[in-house]
Structures are given as C-alpha cells and as structure tokens.
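Written out below as structure tokens is the structure these notes cover.
Nothing in this text is a laboratory measurement; each read-out follows from the coordinates by a stated rule. Everything numeric here is computed off the predicted structure, so don't read it as measured data. Every residue, glycine among them, receives a Cβ derived from its backbone with ideal geometry; neighbour counts consider all protein chains shown.
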Amino acid sequence: METLERIIASHSFVQGLEEKYIELIVGCAANVRFEPEQFVCREGEEADNFFLIRHGKIALEIFMPERGATVIETLGENEILGWSWFFPPYRWHFDAKAIELTRAIAFDGKCLRRKCEENHDLGYELAKRFAAMLMERLQATRLRLLDLFHSKGAKLDYWGLT
Amino acid sequence: MDPFLTIPFVIQRVKKETSDTVTLEISRPDDRVKTHSPAGSAFSFLPGQFNMLYVLGIGEIPVSISGDPNHPEKLFHTVRKVGAVSIALSLMEKGDRIGIRGPFGNPWPVNKAQGMDLLLMAGGIGLAPIRPVLYQVFPERDRYNRIGLLYGTRAPEDILYESEIKQWRSKFDLEVLVTVDRAAGDWKGNTGVVTTLISKVSFDPDRTLVMICGPEVMMRFSCLELQKKGVKPENIFVSMERNMKCSVGFCGHCQFGPWFVCKDGPIFSYDQVKDWIGKREI
C-alpha cells in the first residue's frame, strides 16, 4: 500500500524536496476526496489548508450578481490549490468546486506555518515553490488579459480575419 | 499557371460554426471539371496552405484551407467575420460565386512527424489550418506515435468544429484537450491559457514534432513552454500571419525579417523565426 509520504513525494510540487522536509510536512497532511459539485472552499472562509491535487479537476469560481458563477481557472492532476493559507489574513479569495471526482492531499495550513517558523529552511523551500507557482499563474493571467481570441483584436487578414 | 488568375467557384454550403465564424464549402461550377485547379491541372493542396478568396467588388483575402487534402474536390474555408471581405463571405449563400487563386504557401511537415509523437496546438480560428493535418494523419494513424491536440479559445460557445472534436476523441487514438479563457459555472472543461495544457499531455520531448497555429503571442509563449519541456526548436513549427496581398512574394507586404510569409511560409520552424518573432516592427 502506498504511504502518504510516498504519495506526497510523487507530486511535482515537492519534486527535489529533501526527504527530511517531506518527513516534516507529512504530519500536517491528510488524504481527501471531493465528489463532483462539492465545494472545497468558499470565498471569505478561513484558508486553513492547501491541496496537492492527485486526480480530478477543480474549478476556481467567483459569483457575480446577474451573471452567476464564473469559472476563472481550472486545476487538475499535479497542480496545487490554495496559497491563501500562506499569507495573512488567511482567507480564501475565491470559491473552489470539484467538477469531477477529485483526490488530493490536504495540508493543514496552521500546522505547516508553525513548522516553517520553526524551520526556516523548510519555509524557504516551500516559499520558492509557491513563488514559482505564483509566477506561472501571473504570466498565464497576463496572457488572458490580452484577450487574444477576441475578433476585435484581430487586425490582419490571414486565416480569414478581414 | 498564372498565379494572378482568379477562377470562379460556387458556394455549395455555408455552415455556421460560432456566432462570428462560418465554414464555406465551395467547388468549381458545374460547367467545369470539378477536380481541376484554377490552372487547369488537378487541384490539390497540402495541409497548411491557403487560397486567396475574392469577393467581387469588395476585395480579396488569404484564407487557409480547412478541408481534407485527400478530397480536394470539395474546398473548405473557415472564415471569421472581422472585416469587409470576411463579412461579405460570411453572408454568402448557396449558389453565390467567389473567385479563387491558389493554393499558396508551404505545408506543415506532416511526413516528418511519422514515427514521432505529434502535438498540435491551436488558438481560436487557428484550428482551421490544423484540421487538414488531422485529416491527413487519421487514415495512416499507425505511422505516428501519440497524437495530441491542445486547443484554446475564448469561451465554450467559441469552440470551433465542436461536434467533430467529439468524434475525433472517440473515433481515433487522439488526446484532445480544450481550454477556454472564461466560462460560466456550468462549464466542466478546462479554463486557462492553452500553454497550461502542455503539462497535461503525454509526449516524449526528444521525439515530438509540434505544429502551432494561433495568435502570435500565443505561439511565442507556447514555443517557450515547449522548449522548457525539452522540445527542440527545429521540431516546433508555427504558422505565421502577415499582411499577404499578392501571395507569390512580389508585393512585399508580408515581409517578415528575411522572408516573405506568403512564399517562404506561412509555416516556419521555430528555429527559423525565433530571432524575429516578438520583435517590434518586424
């Protein structure tokens, strides 16, 4: 049977993380599963954990009056849900909902923050990983801000655009 | 063959794909030999090539061929309503006539992908020039290893060839991942930029050939992401877009660094264009 430690070690987020740190964080981890349509977290609630997604798909949503729920991003296998646990005021900024059966490793944010305070090397390793993820998501968000596929943005005539 | 000679073709069918995009099925008039090109020889084209479509009294635009190269007697062009000519094309009805010159440009290196993994990436209407590649590889599917199609578009209602994509998924050994920039809460697919799909698909970076067509920014970022994954620049091909007018390299409108996109392209390896793509004023 696969141990929790081994499952965590196989996730791309912890790739390259020394075994001693994995041993440290495994105490804050638990296996979780979410059924389709089940909310993982709600905007404004206390962000007391983050998730390494093993299988499935989770949608980050925001609810807008008169427009309803809008999907901002979907996250799947080998991706991470949640960084609000790392930064005050530790509140979720969006809703997250499973859109298919999802299995993940949930980390207790308070437990992990305490361990990071006690062991700054571990904190630095985690901070590097979260910073890389934030950079990737920021770049992707910037690309989407360009609204590349909007017809108003097309000015050239190739591919039948004029 | 006179590349400037426009030959009349007849609209056989206009299929509405999305709110602003239609696919035109056209063929030679009945009084001509259907399988002949404007030059009088057998009309054939290769995936990635384009025709110049002329609407009488309005103008001419280059449009990629989106149909099956194995059945060139039926020409398909997918057109998005953006300017005067494309709007006029979208308003065409069965029996209307348009002028055609072509086919022009170089093709996707489909045969080079034999024995390799083939990854196709498309953004928006960029799926149109990619579709002939799939038509060509499906009958000889076993000559290719894994085939993946990564497609990004604006919203679920903007997905091109939606029913066909479903067929491709079920009928052929093809991994298809679609993502949209924005979606309502009932959307069950992926939301995010197309580059995020690269890490969700399986391929051997050393033995993968990639073909990308979409907005230039999307292609640039896709190339960077693919290189991070270990795909060689010489195995990444992009379809460039510039202001093509004559289509044979005379007028110079589509100059792109040392090339004319109409004549030397539109397909280039990333190796060829990496020093030019993304440079201002090029």
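Points to keep in mind about this one:
- Scanning the range B:72-93 for residues that are out of contact with any helix residue (DSSP H, G or I) (no Cβ under 6 Å at 6 or more places or on another chain) and closer than 17 Å to residue B:10 by Cβ returns B:72, B:73, B:74, B:75, B:76, B:77, B:88, B:89, B:90, B:91, B:92, B:93.
- Here residue B:226 fulfils each of the conditions (1) away from chain A (no Cβ under 13 Å); (2) of a type in the set (A, V, I, L, M); (3) under 19 Å from the mean Cα position of the chain (by Cα) apart from (3).
- Of all residues in the range B:159-196, those being of a type in the set (A, V, I, L, M, F, W, C) and in contact (Cβ under 8 Å) with a residue 60 or more places away in the chain number 3.
- Test: residue in the range A:37-48 that is within 13 Å of chain B (Cβ to nearest Cβ) and either surrounded by fewer than 16 Cβ atoms within 10 Å (Cβ to Cβ) or in a helix (DSSP H, G or I) (or both): yes
- Among the candidates B:200, B:228, residue that is free of Cβ contacts under 8 Å to residues at least 24 places away in the same chain and surrounded by fewer than 16 Cβ atoms within 10 Å (Cβ to Cβ): B:228
- Filtered residue count, the range B:162-181, keeping only those that are of a type outside the set (Asp, Glu), part of a loop (DSSP other than H, G, I, E, B) and either at the interface with another protein chain (Cβ under 7 Å from one of its Cβ atoms) or within 19 Å of the chain's Cα centre (by Cα) (or both): 1
Condition check ((1) exposed (fewer than 14 other Cβ atoms within 10 Å of the Cβ); (2) closer than 29 Å to residue B:54 by Cβ; (3) among the charged types (D, E, K, R)) across all residues:
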| site | (1), (2), (3) |
| --- | --- |
| B:165 | no, no, no |
| B:182 | no, no, yes |
| B:185 | no, no, no |
| B:220 | no, no, yes |
| B:232 | no, no, yes |
| B:269 | no, no, no |
| B:275 | yes, no, yes |
